[in-house]
Amino acid sequence: QVQLVESGGGLVQAGGSLRLSCVASGGTFSNYAVGWFRLAPGKEREFVGVVNWSGGRTYYSDSMKGRFTVTKDNVKNTAYLQMISLTPEDSGVYSCAATVDVNYIGDYYSNPGNYDSWGLGTQVTVSS
């Protein structure tokens, strides 16, 4: 099972950008799809996006509106979530999750129950 550690969270002003990292260890990272989820106060966990094993295919929640980009670097054993035009509503704890790629990209990965490994998350706070 792969272990995941997120980093890159912090305080950013509205309209700014932030890139989160998800460093993996153990397992064979190139076999895994990596998804990102966020949890805001008073809300349920929300799917953000996922990148497939090779980094060549992605799938996003419709609510992200093109402001979020998920990438994956198998050489560095790291996945990323790039966020732009941030608003206070984007604040929350962002977590990455990994599962063995099922040779499919789509809504399957929006289900947190389909992931095997989770990081503890990193806090993102967007000020107004």
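The values are calculated or read from the model by the stated rules, or taken from the named source; none is laboratory data. Note that the structure is predicted; figures quoted are calculated from it, not measured. Here the Cβ is made from the backbone with ideal geometry for all residues, glycine too, and neighbour counts use every protein chain on show. Accessible surface is based on the protein model in full, side chains and every heavy atom, while ligands, DNA and RNA are left aside. Shrake-Rupley method; radii C 1.70, N 1.55, O 1.52, S 1.80 Å.
What would the Debye formula give as log10 I(q)/I(0) at q = 0.14, 0.27 Å⁻¹ for the alpha-carbon point model of the stretch 58-128, no solvent? Scattering profile of the stretch 58-128, log10 relative to I(0): -0.51, -1.55.
Here the Kirkwood formula, the inverse mean of 1/r across different C-alpha pairs, assigns the chain a hydrodynamic radius of 14.3 Å. For the Cα trace of the stretch 1-55, dividing Rg by the Kirkwood Rh returns an Rg/Rh value of 1.02. Can you work out the PRE-style zone for LEU11? Point 7 Å along Cα to Cβ, and I want the residues of the stretch 87-128 with backbone N under 11 Å. Output list for this probe position: 125-128.
The heavy atoms of LYS43 offer some 110 square angstrom of accessible surface to a 1.4 angstrom probe.
Could you work out the per residue convex hull volume over the alpha carbons of the stretch 36-95, in cubic angstrom?
Values: hull volume 5.1 nm³, N = 60.
Hull volume over Cα atoms, normalised by residue count, gives 84 Å³.
Kirkwood Rh, Cα Rg: Rg to Rh for the stretch 87-128? Please list the in-between numbers first.
Details: Rg = 13.3 Å, Rh = 12.1 Å.
Across the stretch 87-128, the Cα-based Rg/Rh ratio is 1.10.
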